[in-house]
């Protein structure tokens, strides 16, 4: 199963597309960049700011921020909160 955030420009504005291939869902709402955190016990450690692109392939999460900085982690996405601009990851 593969999930990804793909860069795009819906309605002429900077945004992203959320695509879930396994469910056939495609969301093209404009989104803001989010900060990614790794859950460690009860604490959250910030791993990357201004995430613009996120791709999940098996147990690997690959993120790219607006500056082109990339991080890959063995993790799964626990929660994404658009209003908080927060991606919460849990290590595999």
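Structure data summary
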item: Computed label-point distance, nm, for sites residue 71 and residue 39 using a 7 Å Cα→Cβ extension; result: 1.7
item: Residue order, fewest to most beta carbons within 10 Å, for 59, 52; result: 59, 52
item: Sorted by Cβ density within 10 Å, fewest first, the residues 51, 77, 64; result: 77, 64, 51
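Bear in mind these aren't lab numbers, they're just calculated from the coordinates by the rules spelled out. The shown structure was predicted, so the numbers you read here are calculated from the model rather than taken from an experiment. Cβ sites come from the backbone with ideal geometry, for glycine too, and all protein chains shown count toward neighbours.
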